[in-house]
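What follows is calculated from the coordinates using simple rules that are stated; it is not laboratory data. None of these values were measured; they are calculated from a predicted model. Glycine gets a Cβ as well: all are built from the backbone with ideal geometry, and neighbour counts include every protein chain shown.
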Amino acid sequence: MGEPLLSIDDLHVKFSRSEDEVYAVNGVSFTIDANEALGIVGESGSGKSVTLMSAIGLLRENGKITSGTANFQGQNLLKLRPKQLEDIRGRDIGVVFQDPMTSLNPIMRIGDQIMEAMLTHHYAGRKEAFERTLQLLHEMGIPDPKSRFKSYPHEFSGGMRQRIMIAIALACEPQLLIADEPTTALDVTVQMQILALLQDLRRKRGMSVVMVTHDFGLATNFCDNIIVMYGGQIMEKATTDQFIREAAHPYSLGLKRSIIEVGHKGKEILPIPKTAKTLTAALTGCPFADRCNYTTDRCRQEVPQLRAFGTNHELACHHAEEVACYVR
Amino acid sequence: MSDNPLLRVENISKTFRVQGKKLHAIENVSFTLEAGKTLGLVGESGSGKSTLGRLVLRLLESDKGKIFFDGADLSKMSKEKLRALRRDMQIIFQDPKASLSPRMTVGDAIEDAMAIHKIGTKASRRARMTELLERVGLPSEIQYAYPHELSGGQLQRVGIARALSLNPKLIICDEPVSALDVSIQVQVIQLLRDLQQEFNLTYIFISHNLAVVEYLSDEIAVLYLGEVVEQAPADELFKTPTHPYTQVLLDSILKIPETPEMKQQMVSIQGEVPSPLNPPSGCTFHPRCPYADDHCRSVKPVQSLVADGHVAACHRVKEPQDLLLLNAK
Amino acid sequence: MASTVTATQSPDSAVSKQRRRSQFYQGWKRFKRHKLAVIGLVWVVIFCIAGVIGPWVAPYDYRTGDFLAINQGPTWTHIFGTDNVGHDMFSQILYSIRSALIIAVGATLVSFIIGIILGLWAGLRGGLADIIIMRAVDFMMTLPGFLFALILVIMLGRGYLSLILAIGIPGWAGYARLIRSLVLSMRDGEMVEAARALGASQAHIARRYMLPNVVGSMGVALAFGIPGDLIQIAGLSIFGMGLRPPIPSFGSMIAQASENVLGFPWLLYFPAGIFAITLLSFLFVADGLQEAFSPKGGN
């Protein structure tokens, strides 16, 4: 295998608030290969979204990248000027957000918005861009592209808007698509439609997808590899198959066990106790220590580092071996 | 079914006027619910499930139909009598923060519920409030907090405590966990389940999340464009989903696979939920249904009996049972 | 984005009793951040104190002039100078503050009370009441309020009460419209629906749920209303329609002084300057309040 498409190394991100600082991302490293679908799973506050948004320069104003690199095609994205990043975003990296309405221009015809993506990046000339827009709309499963070209965002349903967002993201045929909770606001049947569409596009174009989600079901069924984040750290990282078979981090296990799925009726579900805390100081131990069943003094004193745990499987836990024995 | 259910809803309908057009939010919905049981209402956005919940409580007035609660005809009741009766039927909202006053501490919010119905004295309401906070798993200091100081999970517990303070018989839970993080969802759902057993509560549980609905419900009604397309006991519905829409819904759920081989394929259903302003002719599901034929496009199906206590509004129900099951997979 | 980092969990344990005051405390903290608002507040407080204790601390009576000291510039005995009949300007200003404050606050309250009643009525009842009240609001808004006040003064006379009414009555429309819009935005909201579901009566909902949530905006509107009414009083006085002489007022002092600005400029500078600073201060305070307490300034 050659160079990874995107490799993020030791990323740290902080947010400043009026009275304190939030340690949002605390040393995250991972790579995405060509044609890979990576799922980054975590609850709100886990830093999953911030990690990717920092890498592509979409960090909120009060956020600051304190260290780390994000290499994409030989350049460190974190060192680029905003203008250069804008150039890469939309051309080489497509981004789709949870709420399409916030990223679509309400007073611009959707066709023009898709075309604009291609024109600003000099991806295609006017005529070509127009043709391609129609084709994209068709590919996205939007009926009657020619007349829908002239519609405005509010004339579409949530699912259709998300397709338009995807069309814009894909307009310049990026090598990487970053999808931040793209289906969370959608109904299940529509979610299925969007996922099928994405999978199809991946197959056809060899595009890589990073799926940021809180939904384990989605990640495990859609992605090749899975990263579980908590407290701004990677807790577990594995191929999906490996993850399904032998997830061993207490947090992953806890989450998996706490999800109510069809067929769970009558079963006792064990929720993870307490709630996640916002980190306002550097970690001094495992961020999950105060909610974990296996916590020892070591967990509170020593930050667990990501380490190999079997093939294609890494995790950050001092006691993974014992946990694995106990669970199986 | 017993002869004396806690709640009986008969053919209620509700039409809104939107941009001069008629929007049939709920059409001819009927069901009965026995005390201590849970009816789950599932459906996608625009299915009318939240509207139905509000019609049952008469927070919205229905255009026609009858609602019998605890033997009394709600639909004919005067506003004053209804207000007094609200003690017995409560609702928990999707967004607990929006349902609480930002200028009232959560303790005051709970006490106010009891004060409205002149339950007990000031001191006894206070005592009951602290007791309730504890029962829903919150520290008693939280009574002094304002809603914006609490997390979504904590606020939803406050919402539950407020509903409980009136000792209701029926609680309508309108998407109570969909705004919460996964690990908090389970905490709240288990709380709801425990409270149901403890106080013999009756729930109408509204959600788009089938797994959560299944977990809590005894009976499930599937709504599509304001109509009940299928209704059955929970296990029956999941074992033998009969309406094509129910089947699609079930197939769209992404479960964590138990083994890598069980990973699901992303197979999508055609079409979108049609606009309720302009519903399709015949069976409203026909544009998305893989089995639709001309009959479906022109004639609206009525609910027919699939099995005991299991109804579905689909023309195919008349087909032989085994063929149906064959198609289901 | 679902997974923003900051806005998630909150204190899961100790929420102390002191936090009951936290709403005001937080607001005060936000208010303090605005320097101009704080300076304005200091001036407003001084102004109000002067209005209350003015008659007792004023070195001279407002009625009697010192004929031996006419049109004097500032001296140690008359720090703001004297006018053409020997009135001590400092004392005149102190008395003017009192009358201006009484009329401005009174008039604002009159507008406000009428506005709140009609606004609540329109917002809560809806239907025909709403239509009629809102048409009246539109009508009032198109009338020049000052002219209306002038006519009312002519009809009612030039006493304290009649000035309060004359300025207050035409001013209700703005408040009514504000309250109605606040009520409407809440009426169909989930908070009110939840209260209805609890079985609360209309009156209870209005008192316990709606009112506390509008006081912030109302306070801000009031704070903006007072300087507006101060201008109206001064305007009426300039037209000779303020309080009857010899009661001094900013308007009459300014009107008189401007007749001979070149000869005796201090007669204009002091009252006009103090009046202008006061207006600005009220506006700064109102601005600060808006930042601190209005819903948008929440976080």
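With the gyration tensor restricted to C-alpha atoms of the range B:76-156, the semi-axes of the equivalent ellipsoid amount to 23, 16, 11 Å, longest first. Would you please give the FRET efficiency between B:Asn28 and A:Asn105, computed as 1/(1 + (r/R0)^6) with r the Cβ-Cβ distance and R0 = 56 Å, to the nearest 0.05? Efficiency for this residue pair is about 0.85.
Computed over the Cα atoms of the range B:30-140, what is the ratio Rg over Rh, Rh following Kirkwood? Before the final figure, lay out each step's value.
Numbers: Rg = 16.4 Å, Rh = 16.5 Å.
Answer for the range B:30-140: 1.00.
Counting only DSSP beta bridges with both residues in chain B, what percent are antiparallel, rounded to the nearest 5?
Values: 27 of 45 bridges.
So the antiparallel bridges amount to about 60 percent of the total.
Please give the charge dipole size of chain B, origin at the Cα centre, charges +1 on K and R Cβ atoms and -1 on D and E Cβ atoms. Round to the nearest 20 debye.
On the way: 38 positive and 40 negative charges, 271 e Å.
With only Lys, Arg, Asp and Glu charged at Cβ, the dipole is about 1300 debye.
Across the range A:1-157 the C-alpha pair distances fall into 5 Å bins from zero in the proportions 2, 8, 14, 17, 17, 14, 13, 10, 5, 1, 0 percent. The helix-based estimate of mean residue ellipticity at 222 nm for the protein assembly as shown, built from -39,500 (n - 2.57) per DSSP H run of four or more residues and divided by its residue count, is -13500 deg cm²/dmol to the nearest 500. With Cα atoms as the point set, the radius of gyration and Dmax of the range A:148-233 evaluate to 13.7, 45 Å. Taking only the C-alpha atoms of the protein assembly as shown, Rg followed by Dmax gives 33.9, 119 Å.
Distance in nm between label sites at C:Tyr269 and B:Ala98, each 7 Å beyond Cα in the beta-carbon direction? Computed distance between label sites C:Tyr269 and B:Ala98 equals 6.0 nm.
Chain A: D in µm²/s via Stokes-Einstein (Kirkwood Rh, Cα pairs, 37 °C, 0.692 mPa s)? Please report the intermediate quantities before stating the final value.
On the way: Rh = 20.9 Å.
Once the numbers are plugged in, D ends up at 157 µm²/s.
Stretching B:Glu80 away from B:Thr259 to a fully extended chain increases their span by 58.6 nm, per 0.36 nm per residue minus the current alpha-carbon distance. For the range C:23-142, the extents of the C-alpha atoms along the principal axes are 68, 37, 25 Å, listed from largest to smallest. In the range A:230-321, the convex hull through the Cα atoms has an average projected area of 6.7 nm², a quarter of its surface area. For the range A:131-198, the gyration tensor built on C-alpha atoms gives an oblate shape. Its axis ratio a/c (a ≥ b ≥ c) is at least 1.5, and a/b is not larger than b/c.
Given R0 = 45 Å, the distance between the Cβ atoms of A:Asp20 and C:Leu36 translates into a calculated FRET efficiency of 0.95.
Remind me, relative contact order of chain A in percent, using alpha carbon pairs under 8 angstrom and six or more residues apart? Walk me through the numbers on the way to the answer.
Numbers: 606 pairs, mean separation 67.8, N = 328.
Relative contact order, chain A: 21 percent.
A full extension of the chain between A:Thr296 and A:Glu322 corresponds to an added length of 8.1 nm, given 0.36 nm per residue minus the alpha carbon distance. Per the Kirkwood formula applied to alpha carbons, the range A:205-282 shows a radius of gyration over Rh ratio, Rg over Rh, of 1.00.
Normalising the average separation of contacting C-alpha pairs (under 8 angstrom, six or more residues apart) by the number of residues puts the relative contact order of chain C at 24 percent.
Among the GluC sites (Glu not before Pro) in the range A:185-288, those placed in a DSSP loop whose Cβ has at most 14 other Cβ atoms within 10 Å are A:Glu268.
Where the convex hull is taken over the Cα atoms of the range B:7-328, what is its projected area averaged over directions, in nm²? The partial results should precede the final answer.
Working: hull surface 75.0 nm².
Average of the hull's projected areas for the range B:7-328 equals 18.8 nm².
Once a ≥ b ≥ c are taken as the square roots of the eigenvalues of the Cα gyration tensor of the range B:140-209, is the result rounded (a/c under 1.5), prolate (a/b larger than b/c) or oblate (a/b not larger than b/c)? In terms of gyration-tensor shape, oblate.
Could you tell me what fraction of 2.2 N^0.38 Å the Cα radius of gyration of chain C comes to, as a two-decimal ratio? Write down the numbers at each step before the final one.
Numbers: Rg = 23.5 Å, N = 299, 2.2 N^0.38 = 19.2 Å.
Expressed relative to 2.2 N^0.38 Å, the Cα Rg reads 1.22.
A simple spin-label model places pseudo-atoms 7 Å from Cα toward Cβ; at B:Asp293 and B:Asp235 they are separated by 3.5 nm. Loop-located chymotrypsin sites (Phe, Trp or Tyr not before Pro) in the range C:200-275 (DSSP state not H, G, I, E or B) with no more than 15 neighbouring Cβ atoms inside 10 Å: C:Phe239. Expressed as a rounded percentage, what relative contact order does the range B:7-328 have, with Cα pairs under 8 Å and six or more residues apart? Relative contact order comes out at 20 percent. Take the Cα of C:Asn71, step 7 Å toward its Cβ, do the same at C:Leu161, and the gap between the two points is 4.1 nm.
Are any of the pairs A:Lys237/A:Lys267; A:Lys14/A:Lys237; A:Lys64/A:Lys274; B:Lys14/B:Lys97; B:Lys81/B:Lys118; A:Lys14/C:Lys35 more than 18 Å apart by Cα-Cα distance, and if so, which?
Numbers: A:Lys237/A:Lys267 28 Å; A:Lys14/A:Lys237 23 Å; A:Lys64/A:Lys274 29 Å; B:Lys14/B:Lys97 28 Å; B:Lys81/B:Lys118 15 Å; A:Lys14/C:Lys35 30 Å.
Checking Cα-Cα distances, A:Lys237/A:Lys267; A:Lys14/A:Lys237; A:Lys64/A:Lys274; B:Lys14/B:Lys97; A:Lys14/C:Lys35 exceed 18 Å.
Here the calculated FRET efficiency for A:Thr66 and A:Lys150, from their Cβ-Cβ distance with R0 = 56 Å, stands at 0.75, rounded to the nearest 0.05. Considering only B:Asn200, B:Asn209, B:Asn278, the Gaussian network model of chain B with Cα springs below 10 Å gives its largest mean-square fluctuation to B:Asn278.
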